[in-house]
Amino acid sequence: MDHLDPAVQALVTEPIETRIYQFWPRIFVTTPTVELVFKELDRLFLRGDQARSPNLLIWGDSNVGKTALLERYVRRKMQKAEQEGDVRPTGYANIPAIMISMPTDNNRTEFFELILTRLGRAFNPYGRNEALPVMTRRLMEEVGLRLAIFDEIHNIIPTNDAKDEMLRQIKELSNKIRRPMVLSGTREAYSFISSSRELTERFYAIEIPKVQKGNDFTAFLNTMEAIIPLKRASHLSEDRMAEMLYNLSEGLPGRLSELLFHATVAAVETKVERITAKNLTETIYAQNIIARQGAARTLAPAPYE
């Protein structure tokens, strides 16, 4: 099992539930772009209380890995806070960073309910909605929040006055909590921010690109193969297999991970113990992609049967 990282070799003897289903959410591949984003998030995190806090927009195609890297960052900060002491002098839990997925129906009340829930406060449905922003800002101070991340921001791109109001609330929240804020969304979110002089002054942007074909994609596949607990080498970066995986995933890390997950499950269930062109393309997930793209465009000659 020299193809595996020593840290995961012991997993190959575990049942499939432990080896694949429980382990897979822990798989994360760090790329140069991910490292850049983590460093920038750390810079924002350390800025602290400022009259006009800096704000960041992280954008890229759907399934490019924005949510995964942001969740990982917040999880790291929370784990460190727990290790250093989980209670502040105020008596509240120490919550240095939170991440909220923006509500698709642009519901202002739900937006603040989500924040309060992340901050560990049960929301009173019989309370006054107009008090929610004040309550939220006060609780952010009490828990020691240093960074607020709002994902799926494209859900609230203004098309009417209600959505304009939601964006106004976010700007107001940023001003009053005096903490850096991060927005994450698709190209539509970037286009909207860029079209407004006011928003451009408030936010600077980092794009999360697709993994480029070539050395970057090969390195990504080699890292994945080393941490996927299969007993036999799959040779994912071999030219023809890499070509197939790139065509299917189109360089989207989220889609590539899901393709490999389904193929890995098939490899274990059939006792083949390696990913092949056959068990990759015969999964329902891959078949759906092939149907959308067209088989002739997607499939390269198979290196393994």
Being open to solvent by 50 Å² or more (accessible area, probe 1.4 Å) and modelled with pLDDT of 95 or more narrows it down to one residue among Tyr246, Tyr285; which is it? Tyr285
Leu69 meets each of (1) more than 14 Å from Thr33 (Cα to Cα); (2) within 18 Å of the chain's Cα centre (by Cα); (3) open to solvent by less than 70 Å² (accessible area, probe 1.4 Å) with one exception, condition (1)
Could you grab me the full set of residues in the range 198-239 that are closer than 30 Å to Ala10 by Cα, of a type in the set (Lys, Arg) and touching a helix residue (DSSP H, G or I) at 6+ places or on another chain (Cβ under 8 Å)? Lys231
Against the definition (loosely packed, with under 14 Cβ neighbours inside 10 Å, free of Cβ contacts under 8 Å to residues at least 24 places away in the same chain, out of contact with any Cys (no Cβ under 9 Å at 6 or more places or on another chain) and farther than 28 Å from Tyr246 by Cβ), how does Glu35 come out, yes or no? no
Do we find that Ala97 is within 25 Å of Ile157 (Cβ to Cβ) and at pLDDT 85 or above in this structure? yes
Leu260 fails exactly one of (1) more than 17 Å from Val12 (Cβ to Cβ); (2) open to solvent by less than 60 Å² (accessible area, probe 1.4 Å); (3) not acidic (Asp, Glu), namely (1)
Spans of helices (runs of 4 or more DSSP H) in the range 189-305 with at least 2 residues without any contact (Cβ under 8 Å) to a residue 24 or more places away in the chain: 197-202, 215-227, 253-269, 284-293, 295-298
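Conditions (1) in a loop (DSSP other than H, G, I, E, B); (2) open to solvent by 30 Å² or more (accessible area, probe 1.4 Å); (3) farther than 17 Å from Val182 by Cα; (4) modelled with pLDDT under 90, marked per residue:
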| site | (1), (2), (3), (4) |
| --- | --- |
| Leu56 | no, no, no, no |
| Glu82 | no, yes, yes, yes |
| Asp105 | yes, yes, yes, yes |
| Ala122 | yes, yes, yes, yes |
| Ala131 | no, no, yes, yes |
| Met140 | no, no, no, yes |
Lone unmet requirement of (1) small (Gly, Ala, Ser); (2) buried (at least 16 other Cβ atoms within 10 Å of the Cβ); (3) at pLDDT 90 or above for Ala10: (2)
Flagged in the range 14-34 as assigned to a helix (DSSP H, G or I), out of contact with any Pro (no Cβ under 9 Å at 6 or more places or on another chain) and modelled with pLDDT under 95, in numbering order, are Pro25, Arg26, Pro32, Val34
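The values are calculated or read from the model by the stated rules, or taken from the named source; none is laboratory data. The model shown is predicted, which means the values in this text are computed figures rather than measured ones. With ideal geometry, Cβ positions are generated from the backbone for all residues, glycine too; neighbour counts draw on all protein chains shown. Surface areas here come from the heavy atoms of the whole protein model, side chains and all, with no ligands, DNA or RNA. Shrake-Rupley method; radii C 1.70, N 1.55, O 1.52, S 1.80 Å.
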